[in-house]
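One structure is given here, and the rest of the page talks about it.
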Amino acid sequence: MKLRVVTGNRHKVQEFRSILAILGHDLVVEPLKVSNVVECGATYYQNAYRKAFAGVRRDQYRGECADIILADDSGLEVEEFGRVPGVHSARFSYAGLSERAAMSRFLLDQGTSLAHGQFICWIVAFLPGMPQCVSAYGSVHGTVRPDPHGTSGFGYDPLFVPDGYTSTFAEMGPQMKDRISHRSRAIASLLSMLESKDSLRP
């Protein structure tokens with residue numbers, strides 16, 4: 001059985017592979033690229049559903065299909081400032097900058113050197129022979145700081161220090177991050193549901 005992830009982000013595909021290996025699953029993970037999917041949902045779930053459903057349509061999904069098709073949507077939320085950038089994390093813009101640089105400048109302009117925050121991840125999956133989707137959620141709390149540290153990971157990883165640690169996601173490296181991240185928790189929750197449905201049998 002293959003797990004097809006609707007994304008054009010190679011870093012995300014690699015994280016899925018790494019996390020599944022850590023969790024002891026040997027599912028084959030393949031990217032499924034779908035064009036013209038507008039992430040205009042008001043929630044992470046809505047965006048993940050839109051992408052997953054587009055993947056189903058793109059792959060002409062049928063009940064006899066042997067693949068799991070899924071998508072996720074994730075984001076960083078800074079609690080002190082209305083949980084920005086939230087669902088707009090991948091498109092966050094501030095002071096003419098984008099994403100990580102925009103968040104760094106935003107925090108500096110607010111006079112904040114350390115803010116409370118969390119990473120959120122929602123996954124929506126369509127399973128063989130099941131007409132409805134399955135969804136799972138994961139989060140990790142920590143602090144967000146304007147000065148980036150570390151070269152591993154991607155996105156906002158150099159700005160985020162999870163609770164209980166002194167290193168950013170980008171400093172601790174993929175093996176550690178993939179054991180504790182929001183995405184790993186969402187994947188673990190999804191696998192638990194799939195196993196209870198006996199959907200991971202060969």
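Inspection of the range 96-105 identifies no residue that is surrounded by 13 or more Cβ atoms within 10 Å (Cβ to Cβ) and closer than 19 Å to LEU20 by Cα. Annotation note: Cβ proximity below 7 Å between a residue of the range 114-136 that is more than 21 Å from ASP163 (Cβ to Cβ) and a residue that is aromatic (Phe, Trp, Tyr) and part of a strand (DSSP E or B) (sequence gap 6+ or interchain) occurs for CYS133/PHE126; SER135/TRP122.
For the range 39-63, which residues satisfy the criterion of being part of a loop (DSSP other than H, G, I, E, B) and over 17 Å from the mean Cα position of the chain (by Cα)? Selection gives ASP59, GLN60, TYR61, ARG62, GLY63.
Among the residues making up the range 1-11, a single one is closer than 20 Å to LYS177 by Cβ, touching a Lys or Arg at 6+ places or on another chain (Cβ under 8 Å) and surrounded by fewer than 22 Cβ atoms within 10 Å (Cβ to Cβ): THR7.
Any residue in the range 35-42 that is out of contact with any helix residue (DSSP H, G or I) (no Cβ under 7 Å at 6 or more places or on another chain) and of a type in the set (Asp, Glu)? No, the range 35-42 contains no residue that is out of contact with any helix residue (DSSP H, G or I) (no Cβ under 7 Å at 6 or more places or on another chain) and of a type in the set (Asp, Glu). Counting residues in the range 117-128 that are farther than 30 Å from ILE68 by Cα, in contact with a helix residue (DSSP H, G or I) (Cβ under 9 Å, 6 or more places away or on another chain) and buried (at least 21 other Cβ atoms within 10 Å of the Cβ) gives one or more. Among the residues of the range 19-28, just one is over 17 Å from SER189 (Cβ atoms) and either crowded, with 18+ Cβ neighbours inside 10 Å or of a type in the set (Asp, Glu) (or both), namely ASP26. Listed conditions (1) surrounded by 18 or more Cβ atoms within 10 Å (Cβ to Cβ); (2) in a loop (DSSP other than H, G, I, E, B); (3) within 18 Å of the chain's Cα centre (by Cα) are all met by PRO148, apart from (3).
Looking across the range 98-136 at every residue that is part of a strand (DSSP E or B) and in contact with a Cys (Cβ under 7 Å, 6 or more places away or on another chain), the one that is modelled with the lowest pLDDT is identified as PHE126.
Among the residues that make up the range 178-200, is at least one of them touching a strand residue (DSSP E or B) at 6+ places or on another chain (Cβ under 7 Å), in a strand (DSSP E or B) and modelled with pLDDT of 90 or more? No, the range 178-200 contains no residue that is touching a strand residue (DSSP E or B) at 6+ places or on another chain (Cβ under 7 Å), in a strand (DSSP E or B) and modelled with pLDDT of 90 or more.
The values are calculated or read from the model by the stated rules, or taken from the named source; none is laboratory data. Worth saying up front: this structure is predicted, and the values here are computed from it rather than measured. In this analysis, Cβ positions are derived from the backbone assuming ideal geometry, glycine residues included, and neighbour counts consider all displayed protein chains.
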